[in-house]
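The values are calculated or read from the model by the stated rules, or taken from the named source; none is laboratory data. Nothing here was measured: the structure is a model prediction, and the numbers come from that model. With ideal geometry, Cβ positions are generated from the backbone for all residues, glycine too; neighbour counts draw on all protein chains shown.
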């Protein structure tokens, strides 16, 4: 009876995981397939990865993505950290809502409204507009990660520091910041992956010549899913996976939805 | 251990913040009519206290009585809604916590988890801009003083509760504050370690001569440690006294009940001759209470407070079962044969064998349960009375203390 129940559980779990990961596995497998078609396995090759190195458009897009992700993650981390601290300190519902709303907002809505704004202020769409857009939706994630970390800290530590002679600034630099660092880093890495993967908002806020990796992949797929697309997707997946793993190690709390 | 004499000023960030004249007219710390409200809740209601230099002073009371709130006001973590706090005659209300020459020992020690033990102890010195070389020697001294000289490079997480406690003390004392505030510092330790740390705290305070203000809800701890105790209840100071006075001469029902075990026998004052007061105990009869210092108005309601260990319990002289003493509350026998003693019959309602002592709860004629204590000092197995035994309880006239309702 018990064994049958366990078998049932194992089978249903396997089916769910298959559903989730089979498409990803196919992409990875065919990125090593020595054939131009995603139809049948011919043989193993690295050549699609090699070809990427000579695809100028792809390299530019990758560089754009890295620049955008680094800058937006950096700025979002600073602002998000401050927001997270403020959310903890002042406990205002409104503040919480304002910071976190962009997370819940439909991406398409964010994209359209940002586009409208950029046009209204006569801003040329390009790397800057994409960065501004990415910062907007990344702040909330960093704030969440930082807030989760703060609420697990003993408030007596801050008081102890003041009590032992630290000014508010010294207290922040010597105690609060180092203790929040895992949360801040986790938030920064989250922001980086969100930015480097983003398609919808980027699609609306990108201009001519500011294509990012996801946009580039999309434009290639419009013609056909080539093994090259598989290769670049696999690389993107790898980067995301590594970054997310590091982030979850640093701050397990943010992945528990706290 | 720590040297405090000769400390005239504390230099912080290059400016002289505190000048201690050494001339203190009585109080090191004065708390004057301090109030603190949290919305409708009155945490402190016009509290006034004088704490002398070198004193081990305890704030004692049940949880929510305001003792921790008062400590936080002294430390500067919170601001009073009214009143003033003076250190050496100068108001410190407007002084931020980092500039007050006092330190706090927190309930959970609040050691910085990202710093080693040595870095923790060095923290207050670093904030006070002590030179690197001095920091090194003084941290080493401090570790010696708390007998943990080889723990400097470890992180707090690797320490036991008692060791964390000692490090917290070392960190708080390393730059020689005038005043040490301790917020239930022993509550996280187990009973045995707690007793050991109590003795260490007494010795430490005696050695360094720094004023301690200690917060606890544990009356036993307060009695054991303190020079003076302020008993607090509902945001007010109920009584300030030395431990022996507080225990022997409680000023109110609350104090009698809160400090140690205490029987409270209700009655009314019927006569006073000097220090000797005659009290008519409800349903029992008259007793003498001698050694009373204050005047009691005849007819006022009061309670006789009697500690269990001051009551003698003996086998009833009356023949068991034939005693009609029990139903004779008007019997004035304690007065007719005045020897300063009060005697009442009763029977053992229940008992509690605790090893060193046995607690007998005796039901008196008026139905009141009287807790008595018998030391098991007889050789061999001690088992003096059984449940249901007829017994006599007696106490001398100076055993109890009267409190007015």
Some residue of the range A:31-46 being touching a residue at least 12 places away in the same chain (Cβ under 8 Å) and assigned to a helix (DSSP H, G or I): yes
Of residues in the range B:359-373 being part of a strand (DSSP E or B) and more than 14 Å from residue B:261 (Cα to Cα), the one nearest to the chain's Cα centre (by Cα): B:362
Helices (runs of 4 or more DSSP H) enclosed by the range B:155-259 - at least 1 residues per element that are more than 24 Å from residue B:293 (Cβ to Cβ): B:161-173, B:191-208, B:219-225
Meets criteria (within 14 Å of chain B (Cβ to nearest Cβ) and either surrounded by fewer than 24 Cβ atoms within 10 Å (Cβ to Cβ) or over 30 Å from residue B:178 (Cβ atoms) (or both)) for residue A:177: yes
Looking only at the range B:181-191, and only at residues there that are surrounded by fewer than 23 Cβ atoms within 10 Å (Cβ to Cβ) and in contact with a helix residue (DSSP H, G or I) (Cβ under 9 Å, 6 or more places away or on another chain), the one that is farthest from the other protein chains (Cβ to nearest Cβ): B:190
Residue within the range A:180-196 that is within 13 Å of another protein chain (Cβ to nearest Cβ), closer than 30 Å to residue B:116 by Cα, touching a strand residue (DSSP E or B) at 6+ places or on another chain (Cβ under 9 Å) and modelled with pLDDT under 95 present: no
Residue B:329 being in the same structural domain as residue B:278 (by TED's automatic domain parsing), at pLDDT below 85 and assigned to a loop (DSSP other than H, G, I, E, B): yes
Subset of the range B:382-399 [assigned to a loop (DSSP other than H, G, I, E, B) and either touching a helix residue (DSSP H, G or I) at 6+ places or on another chain (Cβ under 7 Å) or surrounded by fewer than 17 Cβ atoms within 10 Å (Cβ to Cβ) (or both)]: B:382, B:383, B:384, B:386, B:387, B:388, B:398, B:399
Filter result for residue B:120 (in a loop (DSSP other than H, G, I, E, B), touching a helix residue (DSSP H, G or I) at 6+ places or on another chain (Cβ under 7 Å) and within 14 Å of another protein chain (Cβ to nearest Cβ)): no
Matching residues in the range B:69-104 - criterion: being more than 10 Å from chain A (Cβ to nearest Cβ) and assigned to a strand (DSSP E or B): B:82, B:83, B:84, B:85, B:86, B:87, B:90, B:91
Flag for residue B:113 being part of a loop (DSSP other than H, G, I, E, B), in contact with a helix residue (DSSP H, G or I) (Cβ under 8 Å, 6 or more places away or on another chain) and within 14 Å of another protein chain (Cβ to nearest Cβ): yes
Any hit, the range A:200-218, residues being under 30 Å from residue B:99 (Cα atoms), in a loop (DSSP other than H, G, I, E, B) and either within 11 Å of another protein chain (Cβ to nearest Cβ) or in contact with a helix residue (DSSP H, G or I) (Cβ under 8 Å, 6 or more places away or on another chain) (or both): no
Boolean, residue A:129 is surrounded by 19 or more Cβ atoms within 10 Å (Cβ to Cβ), more than 14 Å from every other protein chain (Cβ to nearest Cβ) and more than 30 Å from residue A:25 (Cα to Cα): yes
Hits in the range A:52-66 (condition: in contact with a helix residue (DSSP H, G or I) (Cβ under 8 Å, 6 or more places away or on another chain) and in a loop (DSSP other than H, G, I, E, B)): A:53, A:55
Residue within the range A:222-240 that is in contact (Cβ under 8 Å) with a residue 40 or more places away in the chain, more than 28 Å from residue A:32 (Cα to Cα) and buried (at least 17 other Cβ atoms within 10 Å of the Cβ) present: no
